[in-house]
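*Asks:* Here you go, one structure.
The values are calculated or read from the model by the stated rules, or taken from the named source; none is laboratory data. No experiment lies behind these values; they were computed from the predicted model shown. When we count neighbours, we look across all protein chains shown, and the Cβ atoms used for this are built from the backbone with ideal geometry, even at glycine. Only protein heavy atoms, including side chains, enter the accessible area calculation; ligands, DNA and RNA are left aside. Shrake-Rupley method; radii C 1.70, N 1.55, O 1.52, S 1.80 Å.
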Amino acid sequence: MHAQLGSNHSKKLNEREFTVSIDGWSNSCNDPIVAACIQHDGELYTVGSVDTSGEPHTGEYLANVTLDFI
């Protein structure tokens, strides 16, 4: 996860506790999206997002998407 954030944000989060949130929704074009964010000390950082069009939203698939973010 740190590599995707950039060096400035990674330094803030290095060796600290933070919360990871993964959520899915449809964007304004009705494309299914899954995104990951982390929260630390009242700040929220977007880690990334994935267009999940054409993929079955099974527990196994979503677990793999989550692991890719981590």
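*Asks:* Are any residues in region 27-54 open to solvent by less than 90 Å² (accessible area, probe 1.4 Å) and in a loop (DSSP other than H, G, I, E, B), and if so, which ones?
*Replies:* Of everything in region 27-54, those that are open to solvent by less than 90 Å² (accessible area, probe 1.4 Å) and in a loop (DSSP other than H, G, I, E, B) turn out to be Asn27, Asp31, Gly42, Thr52, Ser53, Gly54.
*Asks:* Separate question: Give the residue, chosen from Asn30, Asn8, that is at pLDDT 90 or above and over 12 Å from the mean Cα position of the chain (by Cα).
*Replies:* Within the list Asn30, Asn8, the selection yields Asn30.
*Asks:* Please enumerate the residues belonging to region 14-37 that are among the β-branched types (Val, Ile, Thr) and farther than 13 Å from Val65 by Cα.
*Replies:* Within region 14-37, Thr19, Val20 meet the criteria.
*Asks:* Filter region 11-20 down to residues that are surrounded by 13 or more Cβ atoms within 10 Å (Cβ to Cβ) and modelled with pLDDT of 85 or more, then give me how many there are.
*Replies:* Total satisfying the criteria: 1.
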